[in-house]
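Chemist: One structure, pasted below without further comment.
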Amino acid sequence: MPILAGVPLVRNKRNHVRCEPSGRIISPGSQRFKVGTLICDGEKLEVLNGGSIKFFCFSSGEILDLSSGIVSSDKCEKPDLSKSACYTSNGDFCQRTPKGGVGGNDEPTIIYPYTMPTLKPRPEIVWHPVTGASSYKVRFDCHEFDWERVITQTRLAYPAEEKALPSGKICQILVFAYKNDKITGGDPSVISLLPQDEVARIKDAVEQINKLRLPPDEAALDLDAVFMPRDLLDETIEQLNNVVVVGTSNPTIYRLLGDRYFQAGVLDQAKRQYLKASELLKTNNNPTESMKVQEGLKLVNYYNQLPTSR
């Protein structure tokens, strides 16, 4: 269909553009594009009345103020993946131990929180069960304070009566398994609540994306672009699962959720999402997504064959 001259364009879904979009316009002021429009790398933005527009850069997760010009790598800088968590495009992606088991373990492997940085001042702690364990001890050590609880379940809500995580500080989580009052194994992990200024920037970006009222799939993909440059796997997995629960048929959502579970080391969940994406792609011709799914499955199978002892 021909485009009428002078009528601003709006492309708010990934399948509306023939590119891997570099970002999205999130404020009025563009002469050619409406709010919510996806922008390809190299496209020219012309701003009305010599002002500026807010542009959400997918690669960095930052909101930029842009005046007239061309959106390119110098405007929307690519992140340094070597300083990030784990990426499935890199065979040496991650040093984390796979957490894909569901039982029969010799030690209580912590599976949540997935990564060290968090937005949650009182995160839940979840771990895999140990065969024959009668109880577990969970201990938090945050330097300024510490606490511990002994329970029989394999998950613990952060106690309301204990101090919340301190902003910008690293705390240690330890989970020990007991059999007949004897310790049989333990698993340490670390967690850190992001500094307050960083939390404020993230919440502002999330709020501005939510105001666009995008289709749920698109909003989840945009929020993933907010969270992942900060290595916030807990948050992006939660958002992607919210879309899956309501019954999306978008293979990209399942493939990306598979990537995130893989990066978290939860291999059984990663494989489940990749297989669902592969099934949907049988009726959805998307060679790029199909290749990403096959790469993900290949990596899951490779890591599942590695020794599990540490």
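Chemist: What is the one condition in (1) among the aromatic types (Phe, Trp, Tyr); (2) closer than 18 Å to Ile170 by Cα; (3) modelled with pLDDT under 90 that Phe140 does not satisfy?
Modeler: It fails just one condition, (3).
Chemist: Gln269 versus (1) over 19 Å from Glu20 (Cβ atoms); (2) polar (S, T, N, Q); (3) loosely packed, with under 14 Cβ neighbours inside 10 Å: which is the lone unmet condition?
Modeler: (3)
Chemist: Please go through segment 141-174 and give me each residue that is of a type in the set (D, E, K, R) and closer than 15 Å to Pro121 by Cβ, ordered by number.
Modeler: Within segment 141-174, Glu144, Glu161, Glu162, Lys163, Lys169 qualify.
Chemist: Quickly run through segment 36-60 and pick out the residues that are of a type in the set (A, V, I, L, M, F, W, C), part of a loop (DSSP other than H, G, I, E, B) and in contact with a helix residue (DSSP H, G or I) (Cβ under 9 Å, 6 or more places away or on another chain).
Modeler: Across segment 36-60, the qualifying residue is only Phe58.
Chemist: Return the only residue of Gly296, Gly265 being closer than 29 Å to Ser192 by Cα and at pLDDT below 95.
Modeler: Gly265
Chemist: Still on this model: What about Gly186, is it at pLDDT below 95, small (Gly, Ala, Ser) and part of a loop (DSSP other than H, G, I, E, B)?
Modeler: Spelling it out, it is not the case that Gly186 is at pLDDT below 95, small (Gly, Ala, Ser) and part of a loop (DSSP other than H, G, I, E, B).
Chemist: So, Pro216, is that one modelled with pLDDT of 95 or more and either surrounded by fewer than 17 Cβ atoms within 10 Å (Cβ to Cβ) or within 30 Å of Trp127 (Cβ to Cβ) (or both) or not?
Modeler: Yes, satisfied.
Chemist: Take the residues of segment 202-213 that are out of contact with any strand residue (DSSP E or B) (no Cβ under 8 Å at 6 or more places or on another chain) and assigned to a helix (DSSP H, G or I): which is surrounded by the most Cβ atoms within 10 Å (Cβ to Cβ)?
Modeler: Applying the filter and picking the extreme gives Ile202.
Chemist: Here's a follow-up. Looking at segment 259-305 only, could you name the residues that are farther than 20 Å from Leu233 by Cβ, touching a Ser or Thr at 6+ places or on another chain (Cβ under 8 Å) and among the hydrophobic types (A, V, I, L, M, F, W, C)?
Modeler: Leu280, Leu281
Chemist: Also, I was wondering about something else. What is the residue count in segment 124-163 for residues that are surrounded by fewer than 14 Cβ atoms within 10 Å (Cβ to Cβ), within 22 Å of Glu238 (Cβ to Cβ) and aromatic (Phe, Trp, Tyr)?
Modeler: Total meeting the criteria: 0.
Chemist: Consider only pairs whose beta carbons are under 6 Å apart and that are at least six residues apart or on different chains; among these, list those whose first residue lies in segment 187-198 and is in contact (Cβ under 8 Å) with a residue 12 or more places away in the chain and whose second residue is small (Gly, Ala, Ser).
Modeler: Leu193/Ser167; Pro195/Ser167; Pro195/Gly168; Gln196/Ser167
The values are calculated or read from the model by the stated rules, or taken from the named source; none is laboratory data. All values derive from a computational prediction rather than experimental measurement. Heads up, the Cβs are rebuilt from the backbone with ideal geometry, glycines too, and the neighbour counts pull from every protein chain shown.
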